[in-house]
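Below you'll find the structure, written out as structure tokens, and then a few comments.
Derivation of every value follows stated rules applied to the coordinates shown; laboratory data play no part. Here the structure is a predicted model, which means the values were calculated and not measured. So basically every Cβ, Gly included, is an ideal-geometry build from the backbone, and we count neighbours across all protein chains shown.
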Amino acid sequence: MATKAFSDVNEAKANFDHIYIEKDPRQYFNYLGQLDYIIPHLAQPVFDQLIRARAATQDRPVTVLDLGSSYGLNGALMKYAVGYDALRDRYTAPALQALPSEQMLDLDRAFYRSWPRDPNVRVIGLDISQNAISYAQASGAVDRGFCADLEAGDPDPDAAAAIADTDIIVSTGCVGYVTSRTFERVIALARRGQPAWVASFVLRMFPYDGIAKTLSDYGLVTEKFEGASFVQRRFADRGEMEAAIAAVEALGIDTRGHETEGVYVADLYVSRPPEAIEQLPIQKLVNVVSGANKPWTIGTNVLGRHGETALQRARKAGRKRTLAPVI
């Protein structure tokens, strides 16, 4: 069977590179908001439950490392008593669109200071976009931010020292762009005291076995949360939907009721030491809302009508290749 690289799979996805290099998050929310980008909202209660569970095992605040943190959305949701809808509405508000980025940053600093924050959570952001990570730290969405490409090399000494204090590593969309090279570099550092836990939301078209194997080399056992999957966003167009269906089907996974509905779907993987799993398995540790019942806009309904056709085309074309594992 042919092997298809993740870079080839990603080529079929809508390219949003331009929104990650803006000086502030407004375009990020304007573009992704049109596609009902929702995974941070769905991940928030999961991360909250993991933070509480980890806090029960130690007498210091929980430090979370967000891989692919961008403008710090996950960090803001973990640190402050603010909801995803409030952030989305803020950054898409017409009255704020014409402001210079410097003024937007001043307003955001005041905005975050106005919300109660959890004193028991510290968030480190890591991203390859200097503009995004600088804004995340300057606004207060994350406590510290580092620009680094850990696929290409080790972090600098300052970033390495910060990562060493990490208790939980999270990601909501970077797997498929990063591989086990990134995860190995961070997990090798994040072992001061108890080993860090790892929680990854992974699109179903990207196998996670390579990363799980790497984490197992450092004493972590990976559990997949069963019984729920998580909507990331709507497909941008029919071509993106058909490519995703073909990629997921190539892994032997049925896409009916998931990608055929017109949305990217992710699974949750959590890696912890075996003794933590024995004490509290992931199915008992985490309660979730998957997003499946969200009142989607008409765009999804239109694409969803083509789901069965796309599925049959993918199967008829005999696309039974396997994707290379995330290594």
Placing each pseudo-label 7 Å from Cα in the direction of the beta carbon, residue 309 and residue 15 end up separated by a distance in nanometres of 2.7 nm
The ³J(HN,Hα) series, computed from each phi in the stretch 225-240 with the Karplus coefficients 6.51, -1.76 and 1.60 at θ = phi - 60°, rounded to the nearest Hz and given as x for glycine or proline, is 6, 9, x, 7, 10, 10, 6, 8, 6, 6, 5, 6, 6, 5, x, 5
Expected vector for the stretch 200-206, Karplus 3J(HN,Hα) from phi with 6.51, -1.76, 1.60 and θ = phi - 60°, integer Hz, x for Gly and Pro, equals 10, 8, 10, 4, 5, 7, 10
Here the gain from full extension of residue 213 to residue 192, 0.36 nm per residue of separation minus their alpha-carbon distance, amounts to 5.5 nm
FRET efficiency for residue 278 and residue 164 from the Cβ-Cβ distance with R0 = 30 Å, rounded to 0.05, comes out at 0.70
For the pair residue 110 and residue 226, the simple spin-label estimate (label points 7 Å beyond Cα toward Cβ) gives in nm 5.3 nm
Interchain or sequence-distant (5+) residues whose placed amide H lies within less than 5 Å of the amide H of residue 146 are 125, 126, 127
With the convex hull built on the alpha-carbon atoms of the stretch 1-137, volume per residue in Å³ sits at 142 Å³
